[in-house]
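Note sheet for the following structure.
The values are calculated or read from the model by the stated rules, or taken from the named source; none is laboratory data. Owing to the predicted nature of the structure, the values given are computational and were not obtained by experimental measurement. No Cβ is skipped: glycine too gets one built from the backbone with ideal geometry, and neighbour counts run over all protein chains shown. Just the protein is used for accessible areas: all its heavy atoms, side chains included, with ligands, DNA and RNA removed. Shrake-Rupley method; radii C 1.70, N 1.55, O 1.52, S 1.80 Å.
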Amino acid sequence: MTINHSQEAFTKAQELIPGGVNSPVRAFKSVGGIPRFIASGEGAYLIDIDDNRYVDYVQSWGPLIFGHRDESIENAVIEAVKHGLSFGAPTEAESDLAELIISIYDSIEKIRFVSSGTEAVMSAIRLARGFTLRDDIVKFTGCYHGHSDALLVQAGSGAATFGTPSSPGVPADFTKHTLLADYNNIESVRQCFVDSPGIACVIIEPIAGNMGLVPADKDFLAQLRALCDEYGALLIFDEVMSGFRACLHGAESITGTKPDLVTLGKVIGGGMPVGAFGGRRDIMAHLSPEGGVYQAGTLSGNPVAMAAGLASIRKIKQNSRLYGILETRAKRLMQGFNDAAIKHNIGLQTDVRGSMFGFFFSDEPVHNFADALKSDTTRFARFHAAMLDGGFYFACSQFETGFICTAITDTMIEDTITAAENIFAELKE
Ligand SMILES: *Cc1c(COP(=O)(O)O)cnc(C)c1O
């Protein structure tokens with residue numbers, strides 16, 4: 001496989017754009033090597049500018065559940081473009097997509113659209129604070145909720161539950177209201193409620209996908225709900241990644257725990273920049289212009305983005321067997337990886353939720369971020385490079401989730417397993 005053109009493009013991009021990329025993970029820093037510059041996508045495949053083809057298990061980090069260039073989404077976008085790119089005035093498409101999502105998510109009674117997951121979460125948290133008139137929030141180590149200041153936190157010193165900034169440029173004053181708890185550990189959440197004078201909300205990825213795939217235990221979520229109710233805090237499910245990826249009706253439908261607010265993104269834009277947050281009617285009523293909590297966006301509810309989202313969610317809703325089919329394929333892939341790992345004596349932990357799959361090069365089960373960090377990232381980097389060279393495009397970090405799209409066939413899955421097994425045989429050495 002030659003990658004000369006990508007190499008040149010990356011060198012040029014690094015002169016012009018910090019790190020050569022517009023979102024850090026794309027630079028391949030944690031695995032090394034040259035990021036592939038993409039010319040086009042086609043169903044299950046990514047095609048780079050050297051004309052190499054890869055079976056794509058990233059799918060734009062989640063959004064493309066029907067793969068690249070899905071005909072109905074593409075046609076809907078082209079049709080929308082002919083009417084204008086943006087109006088800054090309401091369109092019926094916004095209500096259509098709102099109605100559709102509300103009909104699918106039990107916990108969403110009203111919804112607002114924004115342009116990214118970051119914006120959705122940032123706005124949902126502001127709303128939770130405005131509704132409860134409290135300042136503190138709780139997040140979990142290893143969960144990612146976008147890059148707004150208050151959410152770029154890491155554990156402070158000692159046993160303190162209050163976070164400190166995880167990035168230069170974030171004032172400590174902006175993160176002092178963010179408390180950190182351990183995923184799947186209810187005692188750590190209880191401690192936050194003890195330490196804080198008033199918690200507005202607890203935000204969680206109910207199916208975490210940003211520390212690798214680490215689903216929350218059912219019991220843990222039920223206890224979280226009970227704690228929030230006891231203290232009058234709101235529970236926010238960040239389903240920007242898992243929404244319409246793990247199942248149709250949201251994490252609440254597979255865990256039995258109902259959130260007060262839900263954030264969405266990725267799949268609901270069908271590949272266009274869309275985020276959303278929604279939930280209880282009485283909470284959403286606090287949002288401007290109905291209520292006092294300010295939130296706005298010049299391109300929010302953009303007609304082209306709404307068209308892509310509508311085509312995508314309509315197609316999902318019409319296809320009742322979709323998640324079963326995708327989950328069967330994801331499970332077969334992970335089963336194949338597991339069998340190969342056992343055969344070659346490589347420690348591997350795998351999990352699947354609908355079209356999401358994850359694997360850690362670790363001997364121990366992964367329930368939280370500390371567990372995830374025990375993975376052998378050097379081994380992952382070697383695996384990633386070799387798979388890429390063989391034409392299989394996996395996320396370029398041990399701590400990301402993989403995605404199956406409808407265009408990925410059983411044959412592709414078997415080919416991927418065979419390639420992985422050959423690589424596992426060499427990884428031992
Ligand atoms: C991707 C993601 C975000 C951020 O969305 P952007 O569109 O990248 O801003 C927030 N939360 C979760 C769970 C995500 O996976």
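Does segment 183-196 contain at least one residue that is under 19 Å from the mean Cα position of the chain (by Cα), away from the ligand (no atom under 16 Å from the Cβ) and surrounded by fewer than 18 Cβ atoms within 10 Å (Cβ to Cβ)?
For segment 183-196, residues under 19 Å from the mean Cα position of the chain (by Cα), away from the ligand (no atom under 16 Å from the Cβ) and surrounded by fewer than 18 Cβ atoms within 10 Å (Cβ to Cβ): absent.
Scan segment 284-296 and give yes if some residue there is within 16 Å of the ligand (Cβ to nearest atom) and open to solvent by less than 50 Å² (accessible area, probe 1.4 Å), otherwise no.
Yes, segment 284-296 contains at least one residue that is within 16 Å of the ligand (Cβ to nearest atom) and open to solvent by less than 50 Å² (accessible area, probe 1.4 Å).
What are the residues in segment 99-125 that are open to solvent by 20 Å² or more (accessible area, probe 1.4 Å), part of a helix (DSSP H, G or I) and closer than 14 Å to Leu310 by Cβ, if any?
Answer for segment 99-125, where residues must be open to solvent by 20 Å² or more (accessible area, probe 1.4 Å), part of a helix (DSSP H, G or I) and closer than 14 Å to Leu310 by Cβ: Glu99, Leu100, Ile102, Ser103.
Being within 14 Å of the ligand (Cβ to nearest atom) and either of a type in the set (Asp, Glu) or farther than 30 Å from Val194 by Cβ (or both) is the filter here; which residues of segment 119-139 pass it?
Selection gives Glu119 alone.
Keeping to segment 262-276, report how many residues are closer than 14 Å to Tyr105 by Cα and touching a Leu at 6+ places or on another chain (Cβ under 6 Å).
1
Within segment 316-357, track down each residue that is touching a strand residue (DSSP E or B) at 6+ places or on another chain (Cβ under 8 Å), closer than 19 Å to Ala44 by Cβ and not aliphatic (A, V, I, L, M).
Once the filter is applied, which keeps residues that are touching a strand residue (DSSP E or B) at 6+ places or on another chain (Cβ under 8 Å), closer than 19 Å to Ala44 by Cβ and not aliphatic (A, V, I, L, M), segment 316-357 yields Tyr323, Glu327, Lys331, Phe337, Gly354, Ser355, Phe357.
Quickly run through segment 226-275 and pick out the residues that are open to solvent by less than 40 Å² (accessible area, probe 1.4 Å), assigned to a helix (DSSP H, G or I) and either within 16 Å of the ligand (Cβ to nearest atom) or of a type in the set (Lys, Arg) (or both).
Ala251, Glu252, Thr255, Val267, Ile268, Gly269
Please work out which residue is farthest from the ligand (Cβ to nearest atom), limiting yourself to segment 140-164 and to residues that are assigned to a helix (DSSP H, G or I) and of a type in the set (A, V, I, L, M).
It comes out as Ala150.
Collect the residues in segment 351-384 that are in contact with a Lys or Arg (Cβ under 9 Å, 6 or more places away or on another chain) and either modelled with pLDDT under 95 or polar (S, T, N, Q) (or both), keeping them in residue-number order.
Ser355, Ser362
Just one of Ala370, Ala385, Ala381 is closer than 22 Å to Asn184 by Cβ and in a helix (DSSP H, G or I); which is it? Walk me through it before giving the result.
Details: Ala385 fails: closer than 22 Å to Asn184 by Cβ; Ala381 fails: closer than 22 Å to Asn184 by Cβ.
Ala370 is the lone residue from the list that is closer than 22 Å to Asn184 by Cβ and in a helix (DSSP H, G or I).
Which residue, of Gly163, Gly212, Gly169, is within 29 Å of Thr377 (Cα to Cα) and open to solvent by 20 Å² or more (accessible area, probe 1.4 Å)?
Gly169
Would a scan of segment 208-225 turn up a residue that is within 16 Å of the ligand (Cβ to nearest atom) and among the charged types (D, E, K, R)?
The answer is no, given that none of the residues of segment 208-225 is within 16 Å of the ligand (Cβ to nearest atom) and among the charged types (D, E, K, R).
I'd like the residue in segment 23-81 that is on the phi < 0 side of the Ramachandran plot and of a type in the set (Phe, Trp, Tyr) and, out of all such residues, is nearest to the chain's Cα centre (by Cα).
Filtering segment 23-81 down to residues on the phi < 0 side of the Ramachandran plot leaves 23-27, 29-31, 34-42, 44-50, 52-58, 63-66, 68, 70-81.
Now restrict to residues that are of a type in the set (Phe, Trp, Tyr): 37, 45, 54, 57, 66.
Details: Phe37: 22, Tyr45: 21, Tyr54: 22, Tyr57: 14, Phe66: 16 Å.
Within segment 23-81, the match that is nearest to the chain's Cα centre (by Cα) is Tyr57.
Filter segment 62-76 down to the residues that are surrounded by fewer than 18 Cβ atoms within 10 Å (Cβ to Cβ) and not acidic (Asp, Glu), then identify the one that is nearest to the ligand (Cβ to nearest atom).
For segment 62-76, the residue satisfying everything is Arg69.
If we scan segment 24-46, do we find a residue that is without any contact (Cβ under 8 Å) to a residue 12 or more places away in the chain, within 16 Å of the ligand (Cβ to nearest atom), outside the structural domain of Ala305 (by TED's automatic domain parsing) and not basic (Lys, Arg)?
Yes, that holds for at least one residue.
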